[in-house]
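Colleague: Before anything else, here's the structure in question.
The values are calculated or read from the model by the stated rules, or taken from the named source; none is laboratory data. All of these numbers come straight from a predicted model, not from anything done at the bench. Backbone-built Cβ (ideal geometry, glycine too); neighbour counts: all protein chains shown.
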Amino acid sequence: MKISDFLINNNVGSVLEKDIIVSDRFTDEKGKNLPFKIRNISSRELADINRLVGENKYLADAHIVAKCCLEPNFKSVELQNHYGIMNDSELVEKVLLVGEINKLSTAILKLSGYGKSFDELTEEAKKH
C-alpha cells in the first residue's frame, strides 16, 4: 500500500487534540488535577508567531498557548474581562507561571510533530 492509498482510505485530519496536566495548582473541589485541552499548531500559525515575536522565546510560548489551548479558551472575552486583560497571550501570562506556559507550549509543539521546544526550533532555523 502506498501512502496516497492510505490517505484516500482513511480520513486523516490535521487537527489533533490532547489533555495535559500542567500543574497541581489547577484542581477541582475533590483535589483532582484539571487538565488543559490543547491542539496542534499549524506551520502557518507558527510562522505568524515567529514574525510577531522574533526570537523572544517567552513571548512565543505565550502566543502558542493562547492560539492552541482549547480549554481554557484564552480568547474568551468573558475570561479576559474577569482578569481585566484584553489580549489572549497577556491572559496566558497573567494566569500561568512561566514554567507552566513552557510545559504547554512544548506539549503543543510535540503534538504538532516537532518533538522540540520553540527555542530548539529557533536555533535550528538560524543554522539554515
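Colleague: Within the range 52-86, take every residue that is acidic (Asp, Glu) and under 21 Å from Asn40 (Cα atoms) and give me the one that is modelled with the lowest pLDDT.
Modeller: Filtering the range 52-86 for residues that are acidic (Asp, Glu) and under 21 Å from Asn40 (Cα atoms), the one modelled with the lowest pLDDT comes out as Glu55.
Colleague: Please specify each residue of the range 34-64 satisfying the condition of being out of contact with any helix residue (DSSP H, G or I) (no Cβ under 9 Å at 6 or more places or on another chain) and surrounded by 13 or more Cβ atoms within 10 Å (Cβ to Cβ).
Modeller: Leu34, Pro35, Lys37, Ser42, Asn56
Colleague: Of the residues Asn40, Asn9, which is polar (S, T, N, Q) and touching a residue at least 40 places away in the same chain (Cβ under 8 Å)?
Modeller: It is Asn40.
Colleague: Out of the range 65-105, which residues are touching a residue at least 40 places away in the same chain (Cβ under 8 Å) and either closer than 13 Å to Phe36 by Cα or surrounded by 15 or more Cβ atoms within 10 Å (Cβ to Cβ) (or both)?
Modeller: Across the range 65-105, the qualifying residues are Val65, Cys68, Leu70, Leu96, Glu100, Ile101, Asn102, Lys103, Leu104, Ser105.
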